[in-house]
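Heads up: the structure comes next, in structure tokens.
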Amino acid sequence: MSDIVILNGRVITFDGPDAEAIAIKDGKVTAVGSTAEIREMAGSAQVIDAQGGTVMPGFIDSHVHLFGGAAELDFLNLTGVIGVEALTAVARPYSAARPDDKLLFACSIDYALIGDRSITRHDLDAAIPDRPFAASTADHHTVYANTKALELAGLLHGADCGTGSEVVMGKDGLATGELLEAAAFMPVLEMTHLGGREMLGMTTGADPIPAPDAKTRAIDKGVIANGYKHCAMHGITSLHNMDGNFYQLELLAEMEAEGTLLCRTEIPMHLKHTDPVERVDEAAEMRAKYSGDMVWSNRVKMFMDGVIDSKTAYMLENYPNTDSRSEPLFSAEHFNEAAIRADAMGLQIAVHAIGDAAVRQTLDGYEAAQKANGVRDSRHRIEHIETIHPSDIPRFKPLGVVASMQPLHSPRGGFFPAYESGDIIHPHQIETAFAWKTLRDAGAALIFSTDWPVVPVDVMPTIQGAVAGVELPSVWLDQRLPLREVLAAYTRDNAWVEFNEHRKGRLRVGMMADVVVMDADLDAMPIDQLGSAMPAVTICGGRITFEA
Ligand SMILES: [Zn+2]
């Protein structure tokens, strides 16, 4: 007897041939076969008619910021807003609707809001002169604040925030409003209605002080619950969070008990470049305490550099027309030591590395760990890899390093505009920018994700970006991949990278019943319309978490 049967589908199993139907019982897949076969064993099971739509393992987004992404569903979203006039037009009604917010906060402000020059506090003042107002860029590496917000945060006259972060100062001796990296903008974020708690895991990896009371925890869980609903609506059944602290783990464990945890979620320990390597031991503590199927921890996350747009990505050569190639957040010695220690403890490591020098230094650290501890099945990851030196591409395979990439971060995905060649990166760097196909062809394991809320967590636009992409100047090499390979990178391979390939990511008897039923046959869709396909039903562990 089954709990649920799904019939009349085009079932992609990622485990041999396609099928038409599956049966689910007690959270597991119990049969895969033809509609006739599965119908016969349906009994009193709930029947889902897939109506010819694709049925496949639930999507696993392998790089998200759940708390921050969930929080942003509620902030003013500035995607596509260009110019002060347009900013004013959306910010004023938002301000009117949020009279009680100490700080009006917006997300996804375009670096090019004002065109060529940097955004200043005066631009934001023009939109909202009378209340504190700030906006973060989609990549979360820069925040722009108006004069009132800078005053309130105590940043108007500048602040020393250490390596890699900067309160940019103007010729008038006052802050321009541009705040680079977390240490510079956290004082602003602490003024949102969430008190910056949603960013702590990303910015410091520390827990909120003082420990939030029951009311605050309920607010935060409400925000995260909203985020889960949003993810389930997009067919997602598992998330790999890229920021973490004990606080988030506690909230998720409570949510699991309360029944509001709709996606399995892995939370890492975030090691900062300002931390001593001994702090890695916290990751082992997290792993020991949280090791369930729904909430678990087994990984250390680090940042090696910033981002290209703000020229904080660590490059092998100077940015065009500058004498700076930025610098790494971790020194090579510090990073190697941390990598060796985490690797020796059997932990997985994931490192944000965007500049070609940051990618190289990360590979060097993984190599040092392998030399020190011996070869093991570590599946260490490098996140983003927006630029890479050609000589580093063949290093992934022998080191067993995973390329974790986000198709919509590439201009090929059509979400962000292409860099002008020679403007912010050199023409020869463009040839190996966002080179996921090149990396895969060189034998690297490749996984896909969104980095929500950098881009929306919506799965299908990312799939379309990797499969169809948009036309770019010919200096950009074609990195597009076939649909089935991209779907595999979002399911089977994301299950593999979390060491769960024997339990999820494929539809076969005994696997977790994490399943998405799409409203269309993806194989039959024009590839430039894949982004419009939506889930009809999402199932996580045999529980229906979304139904259209
Ligand atoms: Zn991220």
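The values are calculated or read from the model by the stated rules, or taken from the named source; none is laboratory data. These numbers come from a predicted model, not from an experiment. Every residue, glycine among them, receives a Cβ derived from its backbone with ideal geometry; neighbour counts consider all protein chains shown. Note: accessible area is taken over every heavy atom of the protein model, side chains too, but ligands, DNA and RNA are not part of it. Shrake-Rupley method; radii C 1.70, N 1.55, O 1.52, S 1.80 Å.
Which one of Asp281, Asp275 is more than 16 Å from the ligand (Cβ to nearest atom), open to solvent by 30 Å² or more (accessible area, probe 1.4 Å) and either part of a helix (DSSP H, G or I) or within 22 Å of Met345 (Cβ to Cβ) (or both)? Even if it seems obvious, please write down each step before you answer.
On the way: Asp275 fails: open to solvent by 30 Å² or more (accessible area, probe 1.4 Å).
Of Asp281, Asp275, the one residue that is more than 16 Å from the ligand (Cβ to nearest atom), open to solvent by 30 Å² or more (accessible area, probe 1.4 Å) and either part of a helix (DSSP H, G or I) or within 22 Å of Met345 (Cβ to Cβ) (or both) is Asp281.
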Return yes when Met255 is among the aliphatic types (A, V, I, L, M), out of contact with any Cys (no Cβ under 7 Å at 6 or more places or on another chain), farther than 25 Å from Ser136 by Cα and open to solvent by less than 50 Å² (accessible area, probe 1.4 Å) and no when it is not. yes
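Would it be correct to say that Lys289 is more than 18 Å from the chain's Cα centre (by Cα), over 30 Å from Asp493 (Cβ atoms) and of a type in the set (Lys, Arg)?
On the way: more than 18 Å from the chain's Cα centre (by Cα): yes; over 30 Å from Asp493 (Cβ atoms): no; of a type in the set (Lys, Arg): yes.
No; evaluated as a whole, the condition is false for this residue.
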Starting from segment 342-354, take each residue that is under 16 Å from Met286 (Cβ atoms) and touching a residue at least 12 places away in the same chain (Cβ under 8 Å) and list its partners that are aromatic (Phe, Trp, Tyr) and within 15 Å of the ligand (Cβ to nearest atom), counting only C-beta distances under 7 angstrom and pairs at least six apart or across chains. none
Pairs please, first residue from segment 368-395 and touching a residue at least 60 places away in the same chain (Cβ under 8 Å), second anywhere and within 16 Å of the ligand (Cβ to nearest atom) and hydroxyl-bearing (Ser, Thr, Tyr), Cβ atoms under 7 Å, 6+ apart in sequence or on different chains. Arg381/Ser404; Glu383/Ser404
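Among Val486, Val470, Val497, Val517, which is the only one that is modelled with pLDDT under 95 and of a type in the set (A, V, I, L, M, F, W, C)?
On the way: Val486 fails: modelled with pLDDT under 95; Val497 fails: modelled with pLDDT under 95; Val517 fails: modelled with pLDDT under 95.
Exactly one of Val486, Val470, Val497, Val517 is modelled with pLDDT under 95 and of a type in the set (A, V, I, L, M, F, W, C), namely Val470.
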Please go through segment 106-122 and pick out each residue that is exposed (fewer than 14 other Cβ atoms within 10 Å of the Cβ) and over 14 Å from Glu178 (Cα atoms). Gly115, Asp116
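Take the conditions surrounded by fewer than 24 Cβ atoms within 10 Å (Cβ to Cβ), in contact (Cβ under 8 Å) with a residue 12 or more places away in the chain, more than 12 Å from Ser62 (Cβ to Cβ) and of a type outside the set (A, V, I, L, M, F, W, C) and apply them to Pro461. Does it pass?
Details: surrounded by fewer than 24 Cβ atoms within 10 Å (Cβ to Cβ): yes; in contact (Cβ under 8 Å) with a residue 12 or more places away in the chain: yes; more than 12 Å from Ser62 (Cβ to Cβ): yes; of a type outside the set (A, V, I, L, M, F, W, C): yes.
The answer is yes for Pro461.
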If you take just the strands (runs of 3 or more DSSP E) that sit entirely in segment 123-226, which of them hold at least 3 residues that are open to solvent by less than 20 Å² (accessible area, probe 1.4 Å)? 133-137, 142-145, 175-180
Members of segment 433-483 that are away from the ligand (no atom under 16 Å from the Cβ), closer than 24 Å to Ala71 by Cβ and assigned to a helix (DSSP H, G or I): Val459, Met460, Pro461
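How do the strands (runs of 3 or more DSSP E) wholly within segment 1-105 filter down when requiring 2 or more residues that are over 30 Å from Asn146 (Cα atoms), open to solvent by 30 Å² or more (accessible area, probe 1.4 Å) and within 16 Å of the ligand (Cβ to nearest atom): which remain? Break it down into steps so the answer makes sense when it comes.
On the way: elements: 4-7, 21-25, 28-33, 46-49, 54-57, 59-64.
No strands (runs of 3 or more DSSP E) qualify here.
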Which members of segment 492-528 meet the condition of being in contact with a Ser or Thr (Cβ under 8 Å, 6 or more places away or on another chain) and part of a helix (DSSP H, G or I)? Asn494, Ala495, Val497, Leu522, Asp523
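Quick check on segment 237-252: of everything there that is open to solvent by less than 20 Å² (accessible area, probe 1.4 Å) and more than 16 Å from the ligand (Cβ to nearest atom), which residue is nearest to Glu498 (Cα to Cα)?
Applying the filter and picking the extreme gives Ser238.
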